[in-house]
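Q: The structure follows.
The values are calculated or read from the model by the stated rules, or taken from the named source; none is laboratory data. The shown structure was predicted, so the numbers you read here are calculated from the model rather than taken from an experiment. Quick reminder, even Gly has a Cβ in these numbers, built from the backbone with ideal geometry, and neighbours come from all protein chains shown. Each accessible area value is taken on the protein alone, full model and side chains, heavy atoms only, with ligands, DNA and RNA left out. Shrake-Rupley method; radii C 1.70, N 1.55, O 1.52, S 1.80 Å.
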Amino acid sequence: MRRRTGLAVAGVAALVWGEWVNWRWSRALVGHSGGASEAVVVLGYRNPRTTSNLINRWRVRAGIRSVVADSAHETRVIFSGGAIGGGVSEAHLMADYAKTVLEFDGTVLLEDQSATTWENIANVIPLIEDVDRIKIASQPAHALKARAYLRRQRPDLAERLVRADDYRPGEWTVVKPLLALYGLWTLRGLKADERKVSS
């Protein structure tokens, strides 16, 4: 009985920790920039099939719900990702899902050449230079990594970063501890890169 109780407590603690870490990452490196125009950048995930996979479908939904309803006509959604796992680019697959399944009829732009997160950011810069607010939608750790890359590549644009709606409590709760562990590993690599750059 005691062992079961201990496992239950550990399980609950892991879920709470996963929620907290993802919540914290979703609010890192963002500000409260104002203005009328906005870009939501949705980052793709390796997609070997001809339809969007589970992760890309979720990222599209997070990107679309990040569009502020009262300024949707002044918001562009940019799908970013090349043809990494197959013949069709992640950007095209995500855009198709947004339009045909989610029935999104707002402004959509595609960046379909990127193979890495660094390239995602480098290649969308020409598409976001003229907007007042920039949102990056992905899993919280991945979006944080992308925001850090924007700060490196274009610190002036990074000043316009605001929070996307890519974290919601209770969403993906069971896998959030795993996402948090993976995120810690990914962001540790980011810190190592920063040390190399500064040395």
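Q: I want to check a number: in the chain, how many lysine pairs have alpha carbons closer than 26 Å, given a sequence separation of 8 or more or different chains?
A: Going through the chain pair by pair, I get 8.
Q: Compute the length gained on full extension between residue 23 and residue 103: take 0.36 nm times their separation in residues and subtract their Cα-Cα distance, giving the result in nm to one decimal.
A: Extra length from residue 23 to residue 103 when fully extended: 26.0 nm.
Q: Determine the per residue accessible area of the range 4-155 with all protein chains present and a 1.4 angstrom probe, expressed in square angstrom.
A: Averaged over the residues of the range 4-155, the accessible area is 46 Å².
Q: To continue, here is another question. If you split all Cα-Cα distances of the range 19-65 into 10 Å bins from zero, what percentages do you get per bin, shortest first?
A: For the range 19-65, the pair-distance distribution reads 20, 40, 31, 9.
Q: Now for a different question. How many nm separate the modelled label positions at residue 37 and residue 132, each set 7 Å beyond the Cα in the direction of the Cβ?
A: The modelled label-to-label distance comes out at 1.1 nm.
Q: To continue, here is another question. Would you please put 119-127, 14-22 in order of how densely packed they are, using the mean number of other Cβ atoms within 10 angstrom per residue and starting with the highest?
A: The densest-packed peptide leads the list: 119-127, 14-22.
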